[in-house]
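Engineer: Take a look at the following structure, please.
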Amino acid sequence: MDGVIIVNKPAGMTSHDVVNRIRKIFKTKKVGHCGTLDPDATGVLVVAVNKATKLLQFLTADNKEYIATLSLGTATDTYDASGQVTATKEYVPISDKKILACLNSFVGEQEQIPPMHSAIKVKGKKLYEYARNNETVEIPKRVITIDYIELISIVDNLVKFKVGCSKGTYIRSLCFDIAKKLDYPGHMYSLIRSKSGNFSLSDSYSLEEIENGEFEMLSMEEALSNYPKLVVDDENIIYHGKKIKSKINHQVAIYNQNNKVLAIYGPDGNGYLKNIRGLW
């Protein structure tokens, strides 16, 4: 069985834990995922099985959407609810108007400092390894884009919002920065990934549903439905890895006449498309 499953990752599991569970369900080692979620986070995790694992690098979405809850008044070392408290301040209610204006101020391209407790490598070592050893290191800023932020609710000190953002955005850091701008310590209380590229929470299945066979696996063609498409007359040129003369300047999924995906091709800079990844 080859294909892609959109899993609704539960809290308390790593993304790798989910992969291991899927391996046991399908009795295969060839399972992978794209777009890691923190253990406490829930929501959309794209998982590929068998031959579809070849697609993973092309399914890593540039844009994602999250539903986050920010807790104002308490900061932690991990920027989420699992960490040690580092600062507190009694919360005095802020007007909805002020909170909304603060959220809107984060829309657009900006530099973000990732959390110290993260898997980003600096000088060959993951940041959380520095944190565990109480070592200091300069954390490089990253350029990220916040496409939109929508306020969902404010209940006491908990601010719930929806955010669309670029790949590589840390919502924990965003929550920390929003709280700081509101003159409060704060941390990410909860996080749901509601969309990853073309895949949304409404397309996802719980691990229990998957175990019970109550799911639909996407074919490789369905998983690539939003990818640019090029149909070839002679599929043998693809199997032999030959280039295709073309003015196309972006990656495309190559299909045969029977609408079966064969490969991912991309421009070589000399007026041809070359094979990037065979999918047979």
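Engineer: Let me know the shape class of the stretch 175-280, please: from the alpha-carbon gyration tensor, a ≥ b ≥ c as square roots of the eigenvalues, rounded when a/c is under 1.5, otherwise prolate if a/b is greater than b/c, or oblate.
Structural biologist: Cα axes put the stretch 175-280 in the oblate bin.
Engineer: Post the alpha-carbon centroid distance, the stretch 71-125 to the stretch 192-257, in whole angstrom.
Structural biologist: Cα centroid of the stretch 71-125 versus Cα centroid of the stretch 192-257: 35 Å apart.
Engineer: Okay, next question. Go ahead and run the numbers for FRET between residue 236 and residue 152, Cβ-Cβ distance against an R0 of 41 Å, rounding to 0.05.
Structural biologist: 0.15
Engineer: Name the GluC sites (Glu not before Pro) in the stretch 185-280 that are in a loop by DSSP and that have at most 12 other C-beta atoms within 10 Å, would you?
Structural biologist: Those that pass, being in a loop and sparsely packed, are 214, 216.
Engineer: For the stretch 126-137, in order, what is each residue's ³J(HN,Hα) by Karplus, 6.51 cos²θ - 1.76 cosθ + 1.60 with θ = phi - 60°, in whole Hz (x at glycine and Pro)?
Structural biologist: 6, 4, 5, 6, 4, 4, 4, 8, 6, 9, 9, 7
Engineer: On to the next question. Using only the Cα atoms of the stretch 63-196, build the gyration tensor, take square roots of its eigenvalues as a ≥ b ≥ c, and label the shape rounded, prolate or oblate: rounded if a/c is under 1.5, else prolate if a/b is larger than b/c, else oblate.
Structural biologist: oblate
Engineer: Moving on to the next point. Restrict the search to the stretch 210-255; then list the trypsin sites (Lys or Arg not before Pro) that DSSP places in a loop and that have at most 16 other Cβ atoms within 10 Å of their Cβ.
Structural biologist: Qualifying residues, ordered by number: 242, 243, 247.
Engineer: Taking 0.36 nm per intervening residue step and subtracting the Cα-Cα distance, what contour gain separates residue 249 from residue 277 on full extension?
Structural biologist: Contour length minus Cα-Cα distance gives 8.4 nm.
Engineer: Okay, next question. Among [x] 69, 47, 40; [y] 49, 44, 39; [z] 74, 39, 37, find the value of Cα extents along the principal axes in Å that was calculated from the structure presented, and write down its label.
Structural biologist: After the calculation, the listed value that fits is [x].
Engineer: Helix 171-181 versus the longest principal axis of the chain: what angle, 0 to 90°, nearest 10, using Cα atoms?
Structural biologist: 30 degrees
Engineer: Can you tell me which of 56-63, 189-196, 85-92 comes out highest on packing, and rank the rest after it, using the mean Cβ neighbours within 10 Å?
Structural biologist: Per-residue Cβ counts within 10 Å, averaged per peptide and sorted highest first, yield 189-196, 56-63, 85-92.
Engineer: So between residue 89 and residue 111, what do we pick up on full extension, going 0.36 nm a residue minus the alpha carbon distance?
Structural biologist: Gain on stretching residue 89 to residue 111: 5.3 nm.
Engineer: What Kirkwood Rh does the stretch 229-278 have if only Cα atoms enter the pairwise 1/r average? Answer in Å.
Structural biologist: 10.5 Å
Engineer: Using 0.36 nm times the number of residues separating residue 138 and residue 11, minus their current alpha carbon distance, what extension gain do you get?
Structural biologist: The span from residue 138 to residue 11 would gain 42.7 nm if fully extended.
Quick note: the coordinates plus some simple rules give every number you see, no bench work behind them. Quantities reported herein were computed from a predicted structural model and do not represent experimental measurements. Cβ sites come from the backbone with ideal geometry, for glycine too, and all protein chains shown count toward neighbours.
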